[in-house]
Structures are given as structure tokens and as C-alpha cells.
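Just below is one structure, and these are the notes that go with it.
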Amino acid sequence: MALNAPFWRTSITYFEPNVIRIRGYAIEEIIENLSFGDVFFLLIKGEIPKRNEGKLIEAIFVSCCDHGFLAPSVNAARFAASGGVPLPQAVAAGLLAIGKYHGGAIEDCAALLKSLANASPEEIRRVIREKLARKERIPGYGHPIHTADPRIKALWRKAQELGLAGSYVDLAFEVEKILQEEAGKPIKLNVDGIIAALVLEMGFDPSVASAFFLISRTLGLVAHVYEEVTREKPFRVVPKEDTFYDGPPPRTLASQVSKAPADGADNSLKEE
């Protein structure tokens, strides 16, 4: 490394006194001319969207903003808030609950769809069959409550309206059809799956796909944390009737601890 090499290097934002430029564009121009969806595209991709990506991004943000107490992130955020931590920490607690089975499936599904982009129907069927044989979940498919998630058709229609429903959306529904045939169950494309397809349609890499859910759900978590601290009593407790102890029955250490040796050495636990 050169002696005077900078500590940080970035192509995203330049600033100096009275100047802020994002990807080369003055912040005041961005404020006047771009939507939040446009700015998301600009920040991640480095260029202003040339089609209707900004509008579709905002539709995706709306689709994932909240899902009530079903979501682990909401429970985590509200429990944290009930303990008295400030809003940023409570929201962060909720975000930390987002993972492989909650929100994280968008990235995994996008990676799967991208890997199948040039595959034949027979190859897709083989991949799905092998995953099912290994008892693997197919990311982006199935939901614990919805059999016809209203968000799927809404996002699909919006993508069609904006001219952004292409081959990846078709592929997502093709995988759904094959999955149902192989599993023998009506497993439907879920909101993670349709978002994964749309993320790819807009040219984003799967590794950034989870950002769509994170940004969207942050708004919902803020609402839940605010409601928790303004409407509920502090220190939320799980009702006793909703918990069940299944550990050992009452016992004492007397049966486990040996008598003190004659030389006065410390007692020790018997090995079992």
C-alpha cells in the first residue's frame, strides 16, 4: 500500500463544506427531481434508472412494510422497546431478527432463479426434485398463512404496468408450477419470490436483494416500536399460560454431591 493511500475509498458520495454529491449529482438536484426509489437505484447501481425501476422499487417497499405479529422482527422490536431502550436500538433488535426464514429468502431465491436462468424445464425439474429429496426448502415459495398472498398479483400487475415483468418473473412462476407437481402440494410463490424475480429484472445482484426487505420493514418496525412505547405498559411479559416447562422435576444436589473426604479436601460432583 502506498504511503499516503487514503483510509477510505468510495465512489458513492463526495462532500466538502456546502457541497454534497451522490454518484456525481448535486444533492439539491436529487431532492428536486428524484423519488426515493430512484435514489435507491442510483445509490446501489450508480446511475439514474432509465425505465420505471424507481416506481417498482417503491411498490416493493410498500409490499413488505409490515405483516403484524406474525413476523419475528416485529416481536423482537416490541419486546426490546418494552424494556425501555430508545427507538434506534429497538428497531435494530427487530432488524437483527431478519434471517434465512424471515426476509432473507429474497436473496436465496434470487440466487436460485439466476442459476436457473438458462436452464431447460427438465433441468429446473431436476434441481427442484433434488432439493426436495434432500428435504431442502425452496426459497421464495410457500407461506405459513397465505394460500393466495394478495401482494403477489399486485406486484406482478405493477411490474407489467411499468414494463418490468420479464423472463425472471416467468421463470418464478415456472418454478412454482414444477414445485407443485413434484411436491404434490399447492405451494405458491410468496412475496419473497416475486420480489426476488423483480430484483433480477431490474439488474440487481442477488447479494443486495435483502436490502429491499430491510429498508421496507424498517418503516413498519418504527411504527410498532412507537406504538409499543406510547400505548402499552413497559416490560412486556409472556403470559404464564402461554409458557410450558418441560425440564427435570424438582431435585436436590444432596444426591449428587459426595461426602467430604477425611483429609478435608473440597467436595466434588460425582461423575455419571
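The numbers here are math on the coordinates, done by the rules we state, and not lab data. From a predicted model like this one, the values you see are computed outputs, not experimental measurements. FYI the Cβ positions are ideal-geometry reconstructions off the backbone, even for glycines, and counts take in every protein chain you see.
Quick check on the exposure proxy: order 43, 95, 56 from fewest to most C-beta atoms within 10 angstrom.
Details: 43 13, 95 16, 56 25.
Taking fewest neighbouring Cβ atoms as first place, the list is 43, 95, 56.
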Study note, to complete from the structure: Whole-Å distance linking the alpha carbon centroid of segment 11-49 with that of segment 51-112 is 25
Point to revise | Extent along principal axes [Cα atoms of segment 9-50; Å; largest to smallest] | key: 29, 25, 13
**Study point:** Interchain or long-range residues, amide H under 5 Å from residue 20's placed H
**Key:** 27
Review point. Assigning unit charges at the beta carbon (Lys, Arg +1; Asp, Glu -1) and nothing else, what dipole magnitude in debye, to the nearest 20, does segment 46-161 show about its Cα centre?
Key: 300
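Would you mind working out the magnitude of the charge dipole of segment 1-72 relative to its Cα centre, with +1 at each Lys and Arg C-beta and -1 at each Asp and Glu C-beta, to the nearest 20 Debye?
Working: 7 positive and 9 negative charges, 65 e Å.
Computed charge dipole of segment 1-72: roughly 320 debye.
If each residue's Cβ is checked for other Cβ atoms within 10 Å, how do 170, 149 rank with the fewest at the top?
Details: 170 11, 149 18.
Ordered by Cβ neighbours within 10 Å, fewest first: 170, 149.
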Exercise for review: Could you grab the Rg to Rh ratio for segment 136-239? Cα atoms only, Kirkwood for Rh.
Suggested key: 1.09
Point to revise | Charge dipole (segment 35-177, unit charges on Cβ, about Cα centre) - positive-most of 127, 36, 65 | key: 127
Review point. Any idea what diffusion coefficient segment 76-225 gets from Stokes-Einstein, in µm²/s, Kirkwood Rh on alpha carbon pairs, 25 °C, 0.890 mPa s?
Key: 150
Revision key, fill the gap. Per the C-alpha gyration tensor (a ≥ b ≥ c, the square roots of its eigenvalues), segment 125-172 is rounded if a/c is under 1.5, else prolate if a/b beats b/c, else oblate; here it's oblate
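Quick one: which of 100/233; 50/153; 153/188; 100/188; 114/158 span more than 20 angstrom between C-alpha atoms? Display every interim value, and only then the final one.
On the way: 100/233 32 Å; 50/153 24 Å; 153/188 12 Å; 100/188 18 Å; 114/158 22 Å.
With Cα atoms farther than 20 Å apart: 100/233; 50/153; 114/158.
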Review point. Mean Kyte-Doolittle of at least -0.5 and a Cα length of 30 Å or more along the axis: which whole DSSP H helices of the chain meet both?
Key: 210-231
Check your understanding: Rounded to whole Å and sorted largest first, what semi-axes of the equivalent ellipsoid does the C-alpha gyration tensor of the chain yield via the square root of 5 times each eigenvalue?
Key -> 44, 30, 22
Practice item. Counting only DSSP beta bridges with both residues in the chain, tell me the antiparallel percent, nearest 5. Key: 90
**Study point:** Selection from 175, 194, 103 lying farthest towards where the dipole of the chain points positive, charges on Cβ
**Key:** 175
**Study point:** Selected from 56, 166, 84, residue furthest toward positive end of dipole (the chain; charges at beta carbon)
**Key:** 166
Revision key, fill the gap. For 233-239, 212-218, 44-50, ranked highest to lowest by mean beta-carbon neighbours within 10 Å, the order is 212-218, 44-50, 233-239
